[in-house]
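Contents: one structure, followed by commentary.
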Amino acid sequence: MAASFVSNAKIMAPSKENYSITLEQAHGEYAVCRLDAHAAIPAWADGAGFVTISRSAHELSIVCLADRVPAGTVHEGGWTCLRFVGPFAFGATGIVLSVVRPLSEGKLGVFVVSTFDGDHLLVKTADLPEAIRLLADAGHVLTLPDALAPYLQFDQYIDGNAPAVAAKAAELAAGCASDEAIVASCFRFVRDAIRHSVDFNLAQVTCSASEVLEHGSGLCYAKSHLLAALLRANGIPTALCYQRLAVGADGPPFCLHGLNAVHLKNHGWYRIDARGNKPGMDAQFLPPREMLAYPALTAQERDLPELWAAPLPQVVEALSRCRTVEEVARNWPDIALLP
């Protein structure tokens, strides 16, 4: 379990008040770094996002966005940063404790940094869905306005503002009592009603959401574009995700597989795969349990962790350049793995 670090008395003294704290998730993934106690503060430490730098007789500790940390730096990555939305009186007690206690009782490790004006809580990104549930049960609220904005935007491929796509999004949401019900409805439509081009031996290559809806077919990438457009049109943050899979039994060659992640209020980011089921494949929407079409099994296969707001360029290039699905299959998009 990760340690909790605090720098003032807000967490120390119990309070008789029952706080309902609003926490705002910062964009990106964070890392906690350790340098030699006498090291100079590196230039890469400062920049966008939350940054804290602490020096003791034993170490120089830096918390910053993980993508700025150079290779070879001693660090622990995979943290999500939550900011306490104040203001709070400097001498107020029990504020941090009211948030940390349910997480601790739920066996989640945390990292807390207190500044003059407020507090920041870091939890493991892998624990975020459980942290959201525990915090909500304790009466706290998690908001993500800035972080989620890119996953609600339309573009030429995620064209949820196209009249036909917007109309289908409204049709699929009709009668749904919750965001999860809307996700389930849209997911089942794209998974079951939109034909996977390879499974049905179709030649037509589609890319944008409106093209997929018009032709009723698409490869996994194109189907993920349509699902993202339908959900964003309903105000539900939706990302594009990818796996790197062997084309044959073991590979090489390898190719990207397209799927989605949707942000659910009670679970955080949750991946779904609307590729289309067939014998031996059973992708479902059953949060918090993740049921994808493909496992990543071989040494060079990967579940890529990034959440993309727009399609990868190599995916768009393949779908735009190739005239038939057979031609795409001879030029499957792939991505180089980092060492």
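Summary of values
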item: Hits in region 196-243 (condition: touching a residue at least 60 places away in the same chain (Cβ under 8 Å), part of a strand (DSSP E or B) and either more than 15 Å from Trp308 (Cα to Cα) or more than 26 Å from the chain's Cα centre (by Cα) (or both)); result: His196
item: Of residues in region 43-69 being crowded, with 17+ Cβ neighbours inside 10 Å and over 18 Å from Asp119 (Cα atoms), the one modelled with the highest pLDDT; result: Leu60
item: Neighbours by Cβ (under 8 Å, 6+ apart or cross-chain): first from region 304-315, closer than 17 Å to Thr80 by Cα; second modelled with pLDDT under 95; result: Leu307/Tyr151; Leu307/Trp269
item: Set Leu264, Leu231: member being buried (at least 24 other Cβ atoms within 10 Å of the Cβ), within 21 Å of Leu152 (Cα to Cα) and among the aliphatic types (A, V, I, L, M); result: Leu231
item: Criterion violated by Gly280 - all others in (1) at positive phi; (2) modelled with pLDDT of 95 or more satisfied; result: (2)
item: Residue check, Pro313 out of contact with any strand residue (DSSP E or B) (no Cβ under 7 Å at 6 or more places or on another chain), loosely packed, with under 14 Cβ neighbours inside 10 Å and modelled with pLDDT under 90; result: no
item: Near pairs, Cβ below 7 angstrom, 6+ apart or cross-chain, from region 26-37 (in a loop (DSSP other than H, G, I, E, B)) to any residue that is surrounded by fewer than 17 Cβ atoms within 10 Å (Cβ to Cβ) and modelled with pLDDT under 80; result: His27/Asp146
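The values are calculated or read from the model by the stated rules, or taken from the named source; none is laboratory data. All values reported here derive from a predicted model rather than from experimental measurement. Ideal geometry is used to build each Cβ from the backbone, glycine not excepted, and the neighbour counts take in all protein chains shown.
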